[in-house]
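*Asks:* This is the structure I want to talk about, given as structure tokens.
The values are calculated or read from the model by the stated rules, or taken from the named source; none is laboratory data. Not measured: the values here are computed from a predicted model. Cβ atoms come from the backbone with ideal geometry, glycine included; neighbour counts cover every protein chain shown.
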Amino acid sequence: MQNTAQKLSINSLYQDIDANTKSGTLKKPTRTTTQSRFTFIDLFAGIGGFHIALKNIGGECTFACEIDKSARETYKINHTISEDRFAEDITKVDSCHVPDHDLLCAGFPCQPFSQAGFKKGFDDIRGTLFFDIARLIAAKKPKVIFLENVQHLLKHDDGQTFKTIRQVITEHLGYSFYHKVVRASDFGVPQNRPRLFMVGFKEDKKGHFTFPPPVALHMTMSDILGGQCSKTIGYTLRVGGRGSKIDDRRNWDSYLVDGTVRRLSPSEGLIMQGFPAHFKLPSSQTQAMKQLGNSVAVPAIQAVAEQILRYLYDHESE
Ligand SMILES: C[S@@+](CC[C@H](N)C(=O)[O-])C[C@H]1O[C@@H](n2cnc3c(N)ncnc32)[C@H](O)[C@@H]1O
């Protein structure tokens, strides 16, 4: 554990970073007036899979950030967010422009940390996007953090990356930490998609948060593709390798339906990710498939978020 001097130096490190970042058009937050059960921020927002899941259970998004122009367009036509609450590059976000919130969500890109392990403390994560998440957690102290990444993060750099993330969250930021590899297909949609979910609570006297139990499939690939598909649960939607031959080991978007090879369309991909039927994908087919490959599966996020709220509210009423 850190001593007081270490804690102080970490806080001043964050303040330095904040003071040096440029905030662009973002304005200082004002209090939100709408009635919501809780507020959340959506970092590395993509097309807003977290946003849909959390709004479904009474959350209000008060801030988001996403750097990709095309993903931002998709986000803006599907979600209500004002331009001054929708930042681009997280590294340029000054925490004083981020409203207070209950839940911080982030499906962040996986990057290598310092090879020197955790010996250099925060220097290990400086310059990575996880550092910017940690910086905002330190400044805003949300009640809960909910992070998502590929399951490979557990093995990345011989486990050093995951170990560092866990240590930063627990020892430096003072949150509890729970993690589990969760599959989209465990929450009703026919897509494998194993993802590492990490949840932490600022105040966690109980210390026994559990991830939700799996539910039965609501549909199969045959339902989505409108014919007899050779697979019940589909491949994980990905960003690269689209259009490989069906027998290629990299194939993820071709299926055998009624004996004929069929390529997955963006609207079918949306269903596999659990998005609502009215969701719009305005960009090109290539961009749309990339955005879907980057996205979270909405039902899996929603099930975990519901469990978080149950745990939090039970906890608070004690
Ligand atoms: C794994 S995806 C997250 C997708 C999102 N959770 C969803 O449901 O669609 C990571 C996202 O981080 C964005 N990103 C990468 N670097 C960023 C940065 N410096 N600032 C903000 N967003 C960034 C990428 O453009 C990408 O959309």
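*Asks:* Tell me whether region 162-180 contains one or more residues that are among the β-branched types (Val, Ile, Thr), at pLDDT 95 or above and under 18 Å from the mean Cα position of the chain (by Cα).
*Replies:* yes
*Asks:* Before we move on, is Pro112 under 15 Å from Lys140 (Cα atoms), in contact with a helix residue (DSSP H, G or I) (Cβ under 9 Å, 6 or more places away or on another chain), outside any strand (DSSP E or B) and modelled with pLDDT under 95? Give the steps one after another, and end with the answer.
*Replies:* Working: under 15 Å from Lys140 (Cα atoms): no; in contact with a helix residue (DSSP H, G or I) (Cβ under 9 Å, 6 or more places away or on another chain): yes; outside any strand (DSSP E or B): yes; modelled with pLDDT under 95: yes.
Criteria not met by Pro112.
*Asks:* Can you run down the residue pairs with Cβ atoms below 8 Å, 6 or more apart or on separate chains, where the first is in region 132-159 and in contact (Cβ under 8 Å) with a residue 60 or more places away in the chain and the partner is in a helix (DSSP H, G or I) and among the charged types (D, E, K, R)?
*Replies:* These pairs meet every condition: Arg135/Asp18; Ala139/Asp18.
*Asks:* List, please: which pairs have Cβ atoms under 8 Å, are six or more places apart or on different chains, and start with a residue in region 40-51 that is assigned to a loop (DSSP other than H, G, I, E, B) and end with one that is within 7 Å of the ligand (Cβ to nearest atom) and small (Gly, Ala, Ser)?
*Replies:* Phe44/Gly107; Ala45/Ala71; Gly46/Ala71; Gly46/Gly107; Gly46/Ser295; Ile47/Ala71; Ile47/Ser295
*Asks:* If only one of Thr210, Thr236, Thr232 is surrounded by 16 or more Cβ atoms within 10 Å (Cβ to Cβ) and polar (S, T, N, Q), which one is it?
*Replies:* Details: Thr210 fails: surrounded by 16 or more Cβ atoms within 10 Å (Cβ to Cβ); Thr232 fails: surrounded by 16 or more Cβ atoms within 10 Å (Cβ to Cβ).
Of Thr210, Thr236, Thr232, the one residue that is surrounded by 16 or more Cβ atoms within 10 Å (Cβ to Cβ) and polar (S, T, N, Q) is Thr236.
*Asks:* Further question on the same structure: For the condition within 24 Å of the chain's Cα centre (by Cα), at positive phi and in contact (Cβ under 8 Å) with a residue 24 or more places away in the chain, what is the one hit in Gly293, Gly274? Write out each step before concluding.
*Replies:* Values: Gly293 fails: at positive phi.
Result: Gly274 is the single residue among Gly293, Gly274 that is within 24 Å of the chain's Cα centre (by Cα), at positive phi and in contact (Cβ under 8 Å) with a residue 24 or more places away in the chain.
*Asks:* Also, quick follow-up: Among Phe131, Phe122, which is the only one that is in a helix (DSSP H, G or I), modelled with pLDDT under 95 and within 15 Å of the ligand (Cβ to nearest atom)? Lay out the reasoning, then the answer.
*Replies:* Details: Phe122 fails: within 15 Å of the ligand (Cβ to nearest atom).
Only one candidate qualifies: Phe131.
*Asks:* Considering only residues that are under 20 Å from Glu148 (Cα atoms) and within 14 Å of the ligand (Cβ to nearest atom), which ones fall in region 57-85?
*Replies:* Looking only at region 57-85, we keep the residues that are under 20 Å from Glu148 (Cα atoms), and these are 57, 59-68, 71-72, 75.
Cys61, Phe63, Ala64, Cys65, Glu66, Ile67, Asp68, Ala71, Arg72, Tyr75 - these are the residues of region 57-85 that are under 20 Å from Glu148 (Cα atoms) and within 14 Å of the ligand (Cβ to nearest atom).
*Asks:* While we're looking at this one, here's another question. So for region 238-245 (the condition being under 17 Å from the mean Cα position of the chain (by Cα), modelled with pLDDT under 95 and closer than 24 Å to Met198 by Cα), does at least one residue qualify? Walk me through it before giving the result.
*Replies:* Taking region 238-245 as the starting set, the residues that turn out to be under 17 Å from the mean Cα position of the chain (by Cα) are 238-239.
Add one more test, that the residue is modelled with pLDDT under 95, and what stays is 238-239.
Next cut, closer than 24 Å to Met198 by Cα only: 238-239.
Yes; the residues of region 238-245 include at least one that is under 17 Å from the mean Cα position of the chain (by Cα), modelled with pLDDT under 95 and closer than 24 Å to Met198 by Cα.
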